[in-house]
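The values are calculated or read from the model by the stated rules, or taken from the named source; none is laboratory data. None of these values were measured; they are calculated from a predicted model. All Cβ positions, glycine included, derive from the backbone under ideal geometry; neighbour counts span all protein chains shown. To get the accessible areas, we keep the full protein, side chains included, count just its heavy atoms, and leave off ligands, DNA and RNA. Shrake-Rupley method; radii C 1.70, N 1.55, O 1.52, S 1.80 Å.
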Amino acid sequence: MKLYHYMDEDYGLINLEERRIKASTFNRLNDPFELLGIETSNLLIRNALKETKRRISSNFGILCFSKIWSNPVQWAHYANHHKGLCLEIELSDKSDAQKVDYVPERLDSSVISSPKFSEKLLLTKFEHWGYEEEYRIIRQLDNFVKDDGLYFQPFNDDIKITKVIIGCQSNITRNHVLERLSDADKDVEIIYSRSAFKSFKIVKHKNK
């Protein structure tokens, strides 16, 4: 499976050199409804979910990917207004990546008794986020490499970088990327992007 991970220009080049991508914790994601996709009008349920979110955020990290790289909104939000990079990542067949489910309303609290409660808690988002076509890898924090208080997933046989896409408003050049790639990644394809002529999409810049 090939998925995509967006980065800004500065940390993007550093992470290419270090051969890694950053993992987040749930309390640092940009959606305040993370792990709170269940209606919480009941005070006991509300307090229990807040405590669950605190506990999960303290013990688990999340790698966020998209199924696509053509959406200009994602470039704006996650690659510093198209100035950064998007990495194509190939995941092995044994990858634990899971697809996010987008819903129009918060789930009924009765889902708590469902055997799939944990899955729904971790993978449910409001439908307006659906443009991201998100996939997630969720693992305990001690499975990641910690550096200066942050957590990272190194590239390996299960998570390989296969392409680097340069944002359409980026000052990064192909040579900048090549200088940062290790010998293990020298065969990675590097392309420039541009806005499409006939649609609201980001596409490959074939003449650059």
Margin query: Just to verify a number: what accessible area does Asp147 come out at with the full protein assembly present, 1.4 Å probe, Å² rounded to tens?
Written below: 70
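What does the C-alpha gyration tensor say about the overall shape of the stretch 103-208? Classify as rounded when a/c is under 1.5, otherwise prolate if a/b is larger than b/c, or oblate.
oblate
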Checklist line | Helix 43-59 vs. the chain, principal-axis angle (Cα, 0 to 90°, nearest 10) | finding: 40
Note to self: Projecting each Cα onto the charge dipole of the stretch 65-208 (Lys/Arg +1, Asp/Glu -1 at the beta carbon, about the Cα centre), which of Thr173, Gln74, Val111 comes out farthest on the positive side?
What the structure shows: Thr173
Next item on the list: Positive end of the charge dipole of the chain (Lys, Arg +1 and Asp, Glu -1 on Cβ, about the Cα centre): tell me which of Leu122, Gln140, Phe197 has its Cα farthest that way.
Entry: Phe197
Note to self: Name the residue from Ile56, Leu13, Ala23 whose Cα lies farthest towards the positive end of the charge dipole of the chain, charges +1 on Cβ of Lys and Arg and -1 on Cβ of Asp and Glu.
What the structure shows: Leu13
Next item on the list: Report, to the nearest 10°, how far helix 9-18 tilts away from the longest principal axis of the Cα atoms in the chain, using its own Cα long axis and a range of 0 to 90°.
Entry: 90
Next item on the list: Treating only the Cβ atoms of Lys and Arg (+1) and Asp and Glu (-1) as charged, compute the dipole magnitude of the chain about its Cα centre; round to the nearest 20 debye.
Entry: 420
Checklist line | Span from the the stretch 1-52 Cα centroid across to the the stretch 167-208 one, whole angstrom | finding: 26
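Using only alpha carbon pairs under 8 Å that are at least six residues apart, calculate the relative contact order of the chain and give it in whole percent.
Reported as a whole number, the value is 30 percent.
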Check: GluC sites (Glu not before Pro), restricted to the stretch 1-88: which are DSSP loop and have at most 16 other Cβ atoms within 10 Å?
Finding: Glu39
Next item on the list: Using a 1.4 angstrom probe on the protein heavy atoms only, line up Ser58, Ser70, Ser113 by accessible area, largest first.
Entry: Ser113, Ser58, Ser70
Note to self: Using only the heavy atoms of the protein chains and a 1.4 Å probe, how would His77, His176, His5 rank by accessible area, largest first?
What the structure shows: His77, His176, His5
Check: What is the dipole size for the stretch 98-159, taken about its Cα centre, with +1 at each Lys and Arg Cβ and -1 at each Asp and Glu Cβ, in debye to the nearest 20?
Finding: 260
Margin query: Beyond a 27 Å Cα-Cα separation, which of these cross-linked pairs lie in this structure: Lys22/Lys206; Lys99/Lys206; Lys22/Lys163; Lys22/Lys198?
Written below: Lys22/Lys206; Lys99/Lys206; Lys22/Lys198
Margin query: Can you tell me how the stretch 9-141 classifies by the Cα gyration tensor, rounded, prolate or oblate, using a/c under 1.5 as the rounded cut?
Written below: prolate
Notebook entry, point to check: What value, in deg cm²/dmol to 500, does the helix sum -39500 (n - 2.57) over DSSP H runs of n ≥ 4 give at 222 nm once divided by the residues of the chain?
Noted result: -6500 deg cm²/dmol
Margin query: With +1 on the Cβ of every Lys and Arg and -1 on the Cβ of every Asp and Glu, and nothing else charged, how large is the dipole of the stretch 122-190 about its Cα centre, in debye rounded to the nearest 20?
Written below: 100
Next item on the list: Determine the sum of side-chain charges near Lys99: Lys and Arg each +1, Asp and Glu each -1, restricted to other residues whose C-beta is under 10 angstrom from that of Lys99.
Entry: -1
